[in-house]
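Comments concern the structure below.
Read the figures in this text as sums done on the coordinates, not as results from a lab. The structure displayed is predicted, hence computed values, not measured ones. Virtual Cβ from ideal backbone geometry, glycine too; neighbours counted across all protein chains shown.
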Amino acid sequence: MKDLEFTNRVRVARVAAGLTQQELADRVGVTRQTIGLIESGGYNPTIRLCLAIARVTGESLDALFQPATAKGGKP
C-alpha cells in the first residue's frame, strides 16, 4: 500500500496563533526541533501530537493536515 502524503499547515497555524516554535513545543510537550521537523515535513507526528497541536493552535486536524493532491485534483 502506498503511503498517503499530506500537506501540513502547522507553520501557518502556529504563526496565526502568535506562537514561536519554542512556545508551541513547550505547550505540546516536545522539543523545538520536533516542531521544526513537522513544519518542514521531515517528521510524521503521532495522532496524539497532532491533536495537541490542533488544540493549542485552535485549528482542526483537517485544517492542519490535508491529503496532498495529485495533478487533476484527486488525492
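Observations on the model:
- Full extension of the chain between Thr7 and Ser60 yields a length gain of 17.7 nm, computed as 0.36 nm times the residue separation minus the alpha carbon distance.
- Calculated mean residue ellipticity, 222 nm, the chain: -14000 deg cm²/dmol, from DSSP H runs (n ≥ 4) at -39500 (n - 2.57) each, averaged per residue and rounded to 500.
- Volume in Å³ per residue [convex hull over Cα atoms, computed for the stretch 5-75]: 81
- Only Lys, Arg, Asp and Glu carry charge here, each on its Cβ (+1 for the first two, -1 for the last two); on that basis the chain has a dipole of about 120 debye about its Cα centre.
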